[in-house]
Amino acid sequence: MKKAALFSVLVVFAFVWVAAFAAEAKMTVKYGHVGPPVHPQHLGAMAFAKHVNENSNGEIEVQVFPMGQLGGERSMTEQVQGGTLHMTAVTAGVLANFVPEMGIIELPFIYPNREVAYKVLDDAEVKARFESYCEPKGFVFIGYTENEFRDMTNSKGPIRKPEDLQGLKIRVIESPIFIDTFKALGANPTPLPFPEIYNALQQKVIDGQDNPIFTSYMMKFTEVNKYATLTSHILTECPVVVNKRFWNRLKPEQQKLFREAAQVQIKVNREENAKNRVKALEKVKAQGVDVVILTDAETEAFKKAVQPVHDKYRDVYGAEWYNFFLKKIADCSAKK
């Protein structure tokens, strides 16, 4: 009887030990970003997590934290660099504070259209450059999420040419390239935190703001701004970066899985963004918003106005990298 009891105790102990070991062996990966749960950026991040979780043989669980739950973009980037956060998707302009060359993604009016932008960003040589720039700073670049091409809304009147922006107070991201862009266009760029935009528009503290048309609709900016211009002036792309030391601890097959999941994430994010842009355009028109779609000639006038911004950041990023990136855009534009 004593032997049977002892055997039962040993079985229970063994079960508990195995369960504890299995729990310990399972790796939990925290992935933070600032997009809201309904945004395609988050849907893409969730697709990333799902792909890893379902294909890692129970070894990895990716947990996604949207809406800046783990901090703002700069804070999360610092956390990833320091190793207290595994990975984040961060706006290229913010990442440029750590890896200056990444800021080239957000130069104004640099892409002729969405198709060319994606060809450039997906180009093997371009991605290899991004990896090489991130690696010395403690990051491993594995892909993108995005917040779409940015447009403008305002309360004063239609914007068809740079002169129409003269003196308008336009809320911008607190990023040098955004501030420089709107100064070049004749506006008065006013950096404000994202949550403050609606009240600032409503109280006439600012005249307008720049965000993708879907974001402007979703956040109700078009309730108080009845003029919108589809400028697509800057592509807000968010490189996904992983802590280098954590990455090096992953098995080769796990690293491969992360890269595969990053491709799934890109596909979901981009497809949802494209759908939402069409839907949002219909919705804002139904709200009575005056929507301007620039002609090629009108777009060219904006491009000409921001050339000083390109000249400035060509020096910041380095002429060789700037010329390389511009050539990629030209080459991808020429391909059918």
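The values are calculated or read from the model by the stated rules, or taken from the named source; none is laboratory data. Note that the coordinates shown come from a computational prediction; the quantities given were computed from them, not determined experimentally. In this analysis, Cβ positions are derived from the backbone assuming ideal geometry, glycine residues included, and neighbour counts consider all displayed protein chains. Heads up: the accessible areas ignore ligands, DNA and RNA and are worked out on the full protein's heavy atoms, side chains in. Shrake-Rupley method; radii C 1.70, N 1.55, O 1.52, S 1.80 Å.
From the list A200, A228, A187, which one is small (G, A, S) and in contact (Cβ under 8 Å) with a residue 60 or more places away in the chain? Let's see the steps before the verdict.
Details: A200 fails: in contact (Cβ under 8 Å) with a residue 60 or more places away in the chain; A187 fails: in contact (Cβ under 8 Å) with a residue 60 or more places away in the chain.
From the options A200, A228, A187, the qualifying one is A228.
Out of K312, K327, I need the residue that is out of contact with any helix residue (DSSP H, G or I) (no Cβ under 8 Å at 6 or more places or on another chain) and farther than 25 Å from K220 by Cβ. Which one? Spell out how you get there, then give the answer.
Values: K312 fails: out of contact with any helix residue (DSSP H, G or I) (no Cβ under 8 Å at 6 or more places or on another chain).
Just a single option satisfies the conditions, and that option is K327.
Which of the residues belonging to the range 202-216 are at pLDDT 95 or above and open to solvent by 10 Å² or more (accessible area, probe 1.4 Å)?
Hits for the range 202-216 are Q202, Q203, K204, V205, D207.
For the range 214-332, give me every one of the helices (runs of 4 or more DSSP H) that falls completely inside it and has 3 or more residues that are within 28 Å of H33 (Cα to Cα).
Details: elements: 244-249, 252-286, 296-305, 307-317.
Once the helices (runs of 4 or more DSSP H) in the range 214-332 are filtered for at least 3 residues that are within 28 Å of H33 (Cα to Cα), what remains is 244-249, 252-286, 307-317.
Residues in the range 54-98 that are in a loop (DSSP other than H, G, I, E, B), in contact with a strand residue (DSSP E or B) (Cβ under 7 Å, 6 or more places away or on another chain) and within 26 Å of K312 (Cα to Cα): how many?
So the count comes out to 2.
Looking only at the range 109-166, filter to residues that are basic (K, R) and in a helix (DSSP H, G or I); which one of those is nearest to L257 (Cα to Cα)? Lay out the reasoning, then the answer.
Within the range 109-166, the subset basic (K, R) is 114, 119, 127, 129, 137, 150, 156, 160-161.
Among the residues that remain, those that are also in a helix (DSSP H, G or I) are: 114, 119, 127, 129, 137.
Working: R114: 27, K119: 23, K127: 17, R129: 21, K137: 23 Å.
Among residues in the range 109-166 that are basic (K, R) and in a helix (DSSP H, G or I), the one nearest to L257 (Cα to Cα) is K127.
Is it the case, given these coordinates, that F182 is outside any strand (DSSP E or B), of a type in the set (A, V, I, L, M, F, W, C) and free of Cβ contacts under 8 Å to residues at least 60 places away in the same chain?
Numbers: outside any strand (DSSP E or B): yes; of a type in the set (A, V, I, L, M, F, W, C): yes; free of Cβ contacts under 8 Å to residues at least 60 places away in the same chain: yes.
Criteria met by F182.
Just the residues that are surrounded by fewer than 19 Cβ atoms within 10 Å (Cβ to Cβ) and more than 24 Å from T145 (Cβ to Cβ), please, taken from the range 254-290.
E282, K285, A286, Q287, G288, D290, listed by residue number.
Would you pick out the residues in the range 123-141 that are open to solvent by 10 Å² or more (accessible area, probe 1.4 Å) and touching a residue at least 12 places away in the same chain (Cβ under 8 Å)?
Within the range 123-141, the first condition is being open to solvent by 10 Å² or more (accessible area, probe 1.4 Å), and the residues that meet it are 123-125, 127-129, 131-133, 135-138, 140.
D123, E125, K127, R129, Y133, E135, K137, G138, V140 - these are the residues of the range 123-141 that are open to solvent by 10 Å² or more (accessible area, probe 1.4 Å) and touching a residue at least 12 places away in the same chain (Cβ under 8 Å).
Any residue in the range 99-117 that is without any contact (Cβ under 8 Å) to a residue 24 or more places away in the chain, of a type in the set (D, E, K, R) and open to solvent by 10 Å² or more (accessible area, probe 1.4 Å)?
Looking for residues that are without any contact (Cβ under 8 Å) to a residue 24 or more places away in the chain, of a type in the set (D, E, K, R) and open to solvent by 10 Å² or more (accessible area, probe 1.4 Å), one finds at least one in the range 99-117, hence yes.
Taking V172, is it open to solvent by 10 Å² or more (accessible area, probe 1.4 Å) and among the β-branched types (V, I, T)? Before the answer, list the steps.
Working: open to solvent by 10 Å² or more (accessible area, probe 1.4 Å): no; among the β-branched types (V, I, T): yes.
Against the criterion (open to solvent by 10 Å² or more (accessible area, probe 1.4 Å) and among the β-branched types (V, I, T)), V172 does not qualify.
Which residues, taken from the range 76-93, are surrounded by fewer than 24 Cβ atoms within 10 Å (Cβ to Cβ) and either β-branched (V, I, T) or in contact with a His (Cβ under 8 Å, 6 or more places away or on another chain) (or both)?
Filtering the range 76-93 for residues surrounded by fewer than 24 Cβ atoms within 10 Å (Cβ to Cβ) gives 78-79, 81-86, 93.
Within the range 76-93, T84 is the sole residue that qualifies.
I'd like to check something: does the range 157-165 contain any residue that is under 30 Å from V99 (Cβ atoms) and either acidic (D, E) or in contact (Cβ under 8 Å) with a residue 40 or more places away in the chain (or both)? Can you show your working first?
Going residue by residue through the range 157-165, those that are under 30 Å from V99 (Cβ atoms) are none.
No, that holds for no residue.
Return the residues of the range 142-189 that are of a type in the set (V, I, T), at pLDDT below 95 and either over 17 Å from K312 (Cβ atoms) or touching a Ser or Thr at 6+ places or on another chain (Cβ under 8 Å) (or both); say none if nothing qualifies.
Within the range 142-189, V172, I173 qualify.
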